[in-house]
């Protein structure tokens, strides 16, 4: 019964509250990941000008390492909630033949690129690869790229609500 209800969501179903809870978790994870990147670029980085230049790299590294944990937590939640929600809206056989399916695939493709960027940054910052860490500007470019991709994902999500 659970499988049928999740894949054919209708108002009044017993699983409605679970679907709503999954949607809430999905939005929360999205806000944590994309909002965290926006905060980093638009608030934290400009504010770092107020501290001594020698302290900036240490603060930036500490913040990034902590944020990576939340990014991975968000990714896990997005995957665990996104898969059942996606299949509740479109059957797998219709994914390439409907507007909804094509936009959904586009959204997932962009999200995959974002995950690959986070994977690369995470491993570059690990202790084993620390000597090969790029200049801070490279990491900043990657964070800005991921934020831009995240904004694109939000646009694709809005399009999905309209189709």
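Every read-out reported here was derived from the displayed coordinates using simple, explicitly stated rules and does not represent laboratory data. In this text, all values refer to a predicted model and were calculated from it rather than measured experimentally. Because the Cβ atoms are built from the backbone with ideal geometry, glycine has one as well, and the counts that use them run over all protein chains shown.
Packing-based ranking of 40-51, 150-161 yields 150-161, 40-51, ordered from highest to lowest mean Cβ neighbour count within 10 Å.
Listing 33, 72, 24 from fewest to most neighbouring C-beta atoms within 10 Å gives 24, 72, 33.
Between residue 41 and residue 18, the contour length at 0.36 nm per residue exceeds the Cα-Cα span by 4.8 nm. Remark: the residue 116-residue 62 segment gains 17.3 nm on full extension, using 0.36 nm per residue and subtracting the alpha carbon distance.
Taking the fewest neighbouring Cβ atoms within 10 Å as the starting point, the ordered list for 94, 52 is 52, 94.
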